[in-house]
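As structure tokens, the structure follows; a few thoughts come after it.
The values are calculated or read from the model by the stated rules, or taken from the named source; none is laboratory data. Since this is a predicted model, take the numbers as computed values, not measurements. Every residue, glycine among them, receives a Cβ derived from its backbone with ideal geometry; neighbour counts consider all protein chains shown. Please note that ligands, DNA and RNA were not included when accessible areas were found on the heavy atoms of the full protein model with its side chains. Shrake-Rupley method; radii C 1.70, N 1.55, O 1.52, S 1.80 Å.
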Amino acid sequence: MFKAVKKFFTSIKVAIVLLIILIAASILGTLIPQGRSAQEYLVRYGQIGNLFQKLQFTRLYHSIWYVSVLALFGLNIIICTLVRLGPKLRRVFEPRCDLDPKSIQVLKVKDRIKMILAPAAAVPAVKDELVRHHYRVREHSAASRHCLLARKRMLGLFGSDVVHAGLLIILAGGIISGLAGQRGSLSLSENQTASVPGASFSIRLDKFITEYYPDGNIKDWKSKLTVIEGSQEIYQKTIEVNHPLNHRGFVFYQSGYGWDWENPTLEVRLKKKNEPDYLKKISLRVGQTAGVEGEDITLTAVRFLPDFVLDEKNQPSTRSLEPRNPAALIRGERNGAEVFSGWIFAKFPDFAQMHQAAETEFKPELKDVQAPQYSVLQTAKDPGVSLIWVGCAALMFGLFLAFYWPPREIRLVLEESQGRTELSAGGIASKSREAFQSEFDDIMKILRKLK
């Protein structure tokens, strides 16, 4: 059972599958806005928005299944690292120094020379040359043979393990952020102050600006915010897309904007069909009744829709919260009796459909609509973000060790032969073998000249 579990978690296929799942889920979490209201998902995605919420795609990084996949991936990395770490530690701290010259002949990088020096003088001379090339040398002797084991950059042997440790730290930070992190949104009108959920301070929106391109498309949103702790204003900062506000572990992103359509101000113009020069301007709010100067009628704004459309039941509704087709339901009364009523459209004044209870020459038009804008701020607190940065640093250090600090090892066996020394040498390098071959040849060239 233990072997089966070990085999499963040390499988590279399992690691690849888990990594693909995490990448796919992260892409999904980027495409689907996280932590929004159920109504917003319904408006944005329709009925499929309900499915996204049931599958926890709208709270993906806090979902049980995503955190579980992270934990499995971390367990895979831990077991793989521990299985491979033991042999590496033994290789570094318990190296074997083989006295048999035949063990060197199987190496790809090798050479054999005869030195004029006797072993007593040859051994320290060879050691000095290896040290000059920054090798650390271990010596083992038996009978007439001497074994020298020269190694350097052995820390590079653990490059992959440091990479794995960095990944584990990043995963730990991600899991902590997923379980203890906070996501939310704040919708603020100008001069409105709101407490930040889970924080001991408040945010006030001083000014909200929407910048447009010449063609009318939105260029940028900017929110001038003030951080308030207790009754004291700490500081101000203007945030925009990709330029958030950071305060006490909370990050505030500019994510959107909107209009407060609950109580807009409508500018209605009243005309007469038979008098081209007749024009009265009336300012109305929804539910408010206003008189018309010089006339015996009153106007009431019964209802307002920012993006008028007829739904499946042929009833007026709004298609979105954008003012693409603003329309108002207007009613005119004289002495408490309805004179006319109907929908009027800001962009299509000739489409007004009026129901007239009595003959009237009045023609209302919706000229303009004013509603206060509000800024939508995405709030986030990631307690694991510091661990993630530490993990990234460890990951980069591990990659440096693995690719730019590969270990090198030279094994030498010296034995006496008629008062001289026969030297067999061979080397091992996991990377940069051409550079190692050149260094090895230089060392052997110098050893041949020793007298």
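So here's what we get for this one:
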read-out: Accessible surface of the range 380-433, 1.4 Å probe, proportion on carbon and sulfur as whole %; value: 63
read-out: Restricting the range 304-337 to trypsin sites (Lys or Arg not before Pro) in coil, as DSSP defines it, with at most 15 other Cβ within 10 Å; value: K313, R319, R324
read-out: Chymotrypsin sites (Phe, Trp or Tyr not before Pro) within the range 189-264, DSSP loop, no more than 16 other Cβ atoms inside 10 Å; value: F201
read-out: Normalised contact order of the range 341-437, rounded percent, pairs of Cα under 8 Å and 6 or more residues apart; value: 16
read-out: The chain - Cys residues lacking any other Cys C-beta under 4.7 Å; value: C80, C392
read-out: Helix 385-404 vs. the chain, principal-axis angle (Cα, 0 to 90°, nearest 10); value: 40
read-out: Between the range 167-191 and the range 395-445, the alpha-carbon center distance in angstrom; value: 50
read-out: Exposure of T238 as accessible area (Å², to 10), given a probe of 1.4 Å and all protein chains; value: 70
read-out: Neighbourhood charge, 11 Å Cβ-Cβ cut-off, centred on K224 and excluding it, Lys, Arg +1 and Asp, Glu -1; value: +1
read-out: Rg/Rh (Cα only; Kirkwood hydrodynamic radius) as it applies to the range 66-171; value: 1.17
read-out: Accessible-area composition of the range 229-307, carbon plus sulfur, in percent [1.4 Å probe]; value: 42
read-out: Gap separating the Cα centres of the range 202-224 and the range 1-74, nearest whole Å; value: 34
read-out: Selected from V385, I446, I410, residue furthest toward positive end of dipole (the range 296-451; charges at beta carbon); value: I446
read-out: Sparse-neighbour loop sites [trypsin sites (Lys or Arg not before Pro); the range 1-107; at most 10 other C-beta within 10 Å; DSSP]; value: none
read-out: Tilt relative to the chain, helix 12-31 - C-alpha long axis, 0 to 90 degrees, to 10; value: 30
read-out: Computed accessible area, M444, all protein chains, 1.4 angstrom probe, square angstrom; value: 0
read-out: Over the chain, relative contact order from alpha-carbon pairs under 8 Å, at least 6 apart, %; value: 22
read-out: Exposed-site-free run, longest, the chain (rule: GluC sites (Glu not before Pro); DSSP loop; at most 16 other C-beta within 10 Å); value: 1-189
read-out: Value of relative contact order over the range 106-236, rounded to a whole percent, pairs C-alpha under 8 Å and six or more apart; value: 10
read-out: Helical mean residue ellipticity (222 nm; -39500 (n - 2.57) per DSSP H run of 4+; nearest 500) of the chain; value: -11000 deg cm²/dmol
read-out: Accessible area of the range 41-172 belonging to carbon and sulfur atoms, whole % at 1.4 Å probe; value: 62
read-out: Accessible area per residue in Å² at 1.4 Å probe, computed on the chain; value: 57
read-out: Kirkwood hydrodynamic radius of the chain, from inverse mean 1/r over distinct Cα pairs, in Å; value: 29.8
